[in-house]
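The values are calculated or read from the model by the stated rules, or taken from the named source; none is laboratory data. Values in this document were obtained by computation on a predicted structure and should not be read as measured data. Cβ placement follows ideal geometry from the backbone for every residue including glycine, while neighbour counts extend to all protein chains displayed.
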Amino acid sequence: MRNVVSELDKLLSKETGIKKITEPEDKQSIGQGKVYLAPQNYHLLFEEDGCFSLDYSDPVYYSRPSIDVSFESAAMVYGKKVLAILLSGANADGAKGISLLAEMDAECWVQDPASAQYPAMPSAAISISEKVKVLTETQMKQRLHEL
């Protein structure tokens with residue numbers, strides 16, 4: 001896989017006003033009130049001891065990191081305590097995992113496909129789960145600030 005410097009943290013911070021956005025290290029403790037992004041080329045997993053684990057196993061839906069891998073790991077460890085957010089994307093990665101979380105009564109937000117640059121990912125999630133909340137980017141920003 002090609003390594004490209006990601007600007008996603010800066011983009012999300014600018015768009016949401018959230019300043020605590022970072023990529024975790026392997027075995028780093030999960031901090032309260034922070035937003036974490038999976039590092040390039042690693043699946044991001046959650047451990048029972050409150051730490052992250054980085055995994056270099058095969059890509060899922062041609063993706064590493066895979067959103068499904070992270071959502072499924074979060075479901076196993078935290079269940080309905082999770083807030084899962086699925087945004088624009090070009091494949092179905094994330095749909096299975098967010099559906100699993102929604103079935104566990106976790107809070108699950110999916111970007112309205114009409115506002116997504118690449119609607120395949122949110123559309124896939126909506127098609128397999130009636131429990132996800134379909135929100136515009138503006139609605140997501142407002143709800144994040146209310147947390």
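Determine whether segment 91-109 contains at least one residue that is assigned to a helix (DSSP H, G or I), among the basic types (K, R) and within 23 Å of E23 (Cβ to Cβ). Within segment 91-109 (the criterion being assigned to a helix (DSSP H, G or I), among the basic types (K, R) and within 23 Å of E23 (Cβ to Cβ)), the answer is no, since none of the residues qualifies.
Consider segment 13-30. How many of its residues are out of contact with any Gly (no Cβ under 7 Å at 6 or more places or on another chain), in a loop (DSSP other than H, G, I, E, B), loosely packed, with under 15 Cβ neighbours inside 10 Å and at pLDDT below 90? Within segment 13-30, residues that are out of contact with any Gly (no Cβ under 7 Å at 6 or more places or on another chain), in a loop (DSSP other than H, G, I, E, B), loosely packed, with under 15 Cβ neighbours inside 10 Å and at pLDDT below 90 number 2.
Looking at this structure, is K131 crowded, with 16+ Cβ neighbours inside 10 Å and among the basic types (K, R)? Taking the combined requirement at face value, the residue does not satisfy it.
For segment 31-46, enumerate the residues that are surrounded by fewer than 14 Cβ atoms within 10 Å (Cβ to Cβ) and at pLDDT 80 or above.
Of the residues in segment 31-46, the ones surrounded by fewer than 14 Cβ atoms within 10 Å (Cβ to Cβ) are 31-34, 41.
The answer is G31, Q32, K34, N41.
Taken over segment 83-113, residues that are under 12 Å from the mean Cα position of the chain (by Cα), crowded, with 20+ Cβ neighbours inside 10 Å and of a type in the set (A, V, I, L, M) amount to 6. Considering the conditions (1) at pLDDT 90 or above; (2) out of contact with any Lys or Arg (no Cβ under 6 Å at 6 or more places or on another chain); (3) not in a loop (DSSP other than H, G, I, E, B), D68 is excluded by exactly one of them, (2).
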